[in-house]
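The values are calculated or read from the model by the stated rules, or taken from the named source; none is laboratory data. As the structure is a prediction and not an experimental result, all values here were calculated from the model. Cβ placement follows ideal geometry from the backbone for every residue including glycine, while neighbour counts extend to all protein chains displayed. Accessible surface is based on the protein model in full, side chains and every heavy atom, while ligands, DNA and RNA are left aside. Shrake-Rupley method; radii C 1.70, N 1.55, O 1.52, S 1.80 Å.
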Amino acid sequence: AIKDNEVYVLEVNPRASRTVPFVSKATGVAWAKIAAKVMCGKTLPELGVSEEIIPKHHVAVKESVFPFSKFPGVYVILGPEMRSTGEVMGIDSSFPVAYAKSQMAAGGSLPMSGTVYISVRDGDKKAIIESARKIAQAGFELISTSGTCAALNDAGVPCRKINKIQEGRPNIIDAIKNQQVQLLI
C-alpha cells in the first residue's frame, strides 16, 4: 500500500503454504527454515545444502482435496484458480501404492471396473502407452480423443475414440455427465 508517498508492505505471500511443507515431509528437510535463513543472508553451502535431495527409499504423492462431496450443489468445474480445500500425501516404496494411498486419503476411490478416459499431449503419448496397456489388461475399457487413441491403437492397446467438445456429440463431456467414465487421465 502507498500512503503519502510511503510504501507499506501489508503481506508477503510466496504461495508456498502447501508445497513447501509437502516437500519438507517428502525429503525430511525443513525447507521453510532454510529459506528464512537464506533471506537473512546465509548461503546454502553455509546451511549444508549442496545438492538436490531425492528420497532413496520412498515415493511421495500429493493429491488435492476438493469440497465437492461435502458441499452439495457447489460449482465443480475447475479452472486455473485454486479451489482445493487442502492436500494429502501418500508415501510408499512404490509409486502405485503411494498413489493409491493418496487417493484414499483424499476421500476418493479408484474404480475397480468400467471406462477410463485418457488424453495426453503429443509429447506424452509414448510415455502413457505402458500405463494404458496395464489399465486395459486390468479389464478397463479405454476411450480417448483422436490423437491419443491413434497412439494407443498403433501400440496394440485397445482404445475407442471419443469426440472432443468441438468435434460434435456425443463427446467426452456427454460421457462424463452420463456417468459412462469412471476415471479421467
Requested in this report: Within the range 64-72, identify whether any single residue is open to solvent by less than 90 Å² (accessible area, probe 1.4 Å), at pLDDT 65 or above, under 13 Å from residue 23 (Cα atoms) and not small (Gly, Ala, Ser), and answer yes or no.
Outcome: no
Query raised in the report: Which residues, taken from the range 1-29, are within 28 Å of residue 94 (Cβ to Cβ) and surrounded by fewer than 13 Cβ atoms within 10 Å (Cβ to Cβ)?
Result: 28
